[in-house]
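The values are calculated or read from the model by the stated rules, or taken from the named source; none is laboratory data. Just so we're clear, the structure is a prediction, and the values are computed from it rather than from any experiment. Counting neighbours? That spans all protein chains shown, and the Cβs are built from the backbone with ideal geometry, glycine included.
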Amino acid sequence: MKVLLRNPRREVEVPGPLRVGALLERLGVSRETVLVIRGDTLVPGDAVLDDADTVEVRPVISGGQQ
Amino acid sequence: MKCRRCREAAVIELRRHNAAFCAPCFLHHTREQVRKAIDEFEMIGPGERVLVAVSGGKDSLGLWDLLLDLGYQVDGLYLGLGIGDGEGDSGYSRSSGAYTRAFAAARGAHLREVDLPTDLGFDVPTGAAAARRAPCSACGLSKRHLFNAAALEGGYDVVATGHNLDDEAAVLFGNVLRWNTDYLGRQLPVLPAARGFVRKVKPLVRLSEREMAAYCVLKGIDYIVEECPMADGNRHLGYKEALNAVEERSPGAKHAFYFEFLAKASELFRPLAAAEQEGALRPCSSCGAPTTGEVCAFCSLVARATDPERLATVRLGPTRRGGRGRRSA
């Protein structure tokens, strides 16, 4: 599958089938800090991604002081 | 995984609620969390006019959308910071402004704008370096001052900001690490109006950053995903990282940390914060805003940020705290 990552923007290939939770573990990303997006919707942690899928792993943490 | 509310297929799991939701039920959950925060902390009264501080990011655009959906009278205020707007730079402020204008147009909402470079003569990177402040500090100071001034001028009752649970927990963590007792006494979801200050509210305190990003994706709200280049590696992000490591092992820890503070400890620090402020405020000799000194911190920043001698020094050398060897614009 194609996985789009941000900051910096890049694309990696990961073999499927693979659960979303396992994909995040493989990428070393905490599930509290990202969303996994396929098309225009979200994919939960137990969903299985196939080789043909394209997903975005979008970070949700923003910085700056108050 | 099934939605807790309707048993349809879920699109998001929220471990701290031990729940999963489908898209429509998640949007309902998000609106209810905002409604609950507004009611619980008496943030906005009937008929009051709200000015929401918007940056083009998920939290502020999501907040604007939620308040409109909940039926409040809300206008937006966007502050152009001049970040990354030099030739060959990231174009961060240009992009964030474009997302904000597109949202306002799509919702038919009224957007006000203030542009630091055009209206006040400096951008955040250069101004911060000239004033010898960290960029995030100069940015935060400018936002607090200008949002309040615009609200007073426009006759708004309330300024609403997109600070979410992660923001509040990270600030609390930083204040506890240093036992900043006066800040702890003022860290509340509502800061009441006072002479020269409009009431400030944070309706997203019951929602995490992940929930706000999910809200925007599911609602089809386009926002700037890229992080502000000035915030890279700052202390606040480090606190969030630490708290998320705890949350990963103990879902609900951030919520408990912040809301148990409000319920059990916040009151203890309030007299310290009040004593710090009591009788000390007078009008700034330059702009009239309440301040503890002769000139308020914002007017002092503007004076330094536009001082030709200081600017000449900045343009010759690297910024003091611009981060990672970055040079000013």
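Would you confirm, using the coordinates I've provided, whether B:Tyr183 is hydroxyl-bearing (Ser, Thr, Tyr) and crowded, with 21+ Cβ neighbours inside 10 Å?
Here the answer is no, as B:Tyr183 does not meet what is asked.
Scan the stretch B:135-169 for residues that are surrounded by fewer than 20 Cβ atoms within 10 Å (Cβ to Cβ), outside any helix (DSSP H, G or I) and either among the charged types (D, E, K, R) or within 17 Å of the chain's Cα centre (by Cα) (or both) and report the count.
So the answer is 1.
Name the single residue, out of those in the stretch A:9-36 being farther than 19 Å from B:Met1 by Cβ and assigned to a helix (DSSP H, G or I), that is farthest from the chain's Cα centre (by Cα).
Filtering first and then ranking leaves A:Arg26.
Quick check, is A:Val43 modelled with pLDDT of 95 or more, crowded, with 18+ Cβ neighbours inside 10 Å and facing chain B (nearest Cβ under 8 Å)?
So A:Val43 passes the test.
As an exercise: evaluate B:Ala289 against (1) more than 21 Å from the chain's Cα centre (by Cα); (2) in contact (Cβ under 8 Å) with a residue 60 or more places away in the chain; (3) more than 30 Å from B:Arg15 (Cα to Cα) and give the number of the one condition it does not meet.
With (1) more than 21 Å from the chain's Cα centre (by Cα); (2) in contact (Cβ under 8 Å) with a residue 60 or more places away in the chain; (3) more than 30 Å from B:Arg15 (Cα to Cα) applied to B:Ala289, the lone miss is (1).
Take the residues in the stretch A:46-66 that are at the interface with chain B (Cβ under 10 Å from one of its Cβ atoms) and of a type in the set (D, E, K, R), then tell me which one is nearest to B:Ser250 (Cα to Cα).
A:Asp46
Test B:Lys202 against the stated conditions and say whether it is within 9 Å of another protein chain (Cβ to nearest Cβ) and of a type in the set (Lys, Arg).
no
Does the stretch A:20-33 contain any residue that is crowded, with 19+ Cβ neighbours inside 10 Å, in contact (Cβ under 8 Å) with a residue 40 or more places away in the chain and at the interface with another protein chain (Cβ under 10 Å from one of its Cβ atoms)?
No, the stretch A:20-33 has no match at all.
Might you check whether a residue that is in contact (Cβ under 8 Å) with a residue 12 or more places away in the chain, in contact with a strand residue (DSSP E or B) (Cβ under 7 Å, 6 or more places away or on another chain), in a loop (DSSP other than H, G, I, E, B) and within 26 Å of B:Arg133 (Cβ to Cβ) occurs anywhere in the stretch B:220-241?
No, there is no match, as no residue in the stretch B:220-241 is in contact (Cβ under 8 Å) with a residue 12 or more places away in the chain, in contact with a strand residue (DSSP E or B) (Cβ under 7 Å, 6 or more places away or on another chain), in a loop (DSSP other than H, G, I, E, B) and within 26 Å of B:Arg133 (Cβ to Cβ).
For the stretch B:51-91, enumerate the residues that are more than 17 Å from the chain's Cα centre (by Cα), touching a residue at least 24 places away in the same chain (Cβ under 8 Å) and under 22 Å from B:Thr118 (Cβ atoms).
If the condition is that a residue be more than 17 Å from the chain's Cα centre (by Cα), touching a residue at least 24 places away in the same chain (Cβ under 8 Å) and under 22 Å from B:Thr118 (Cβ atoms), then B:Gly82, B:Gly84, B:Asp85, B:Gly86, B:Asp89, B:Ser90 are the ones that fit.
Does the stretch B:226-237 contain any residue that is at the interface with another protein chain (Cβ under 9 Å from one of its Cβ atoms), under 24 Å from B:Gln33 (Cα atoms) and out of contact with any Pro (no Cβ under 6 Å at 6 or more places or on another chain)?
No, there is no match, as no residue in the stretch B:226-237 is at the interface with another protein chain (Cβ under 9 Å from one of its Cβ atoms), under 24 Å from B:Gln33 (Cα atoms) and out of contact with any Pro (no Cβ under 6 Å at 6 or more places or on another chain).
For the stretch B:238-277, name all the residues that are surrounded by 15 or more Cβ atoms within 10 Å (Cβ to Cβ), within 13 Å of chain A (Cβ to nearest Cβ) and over 21 Å from the mean Cα position of the chain (by Cα).
B:Val246, B:Glu247, B:Pro251, B:Ala253
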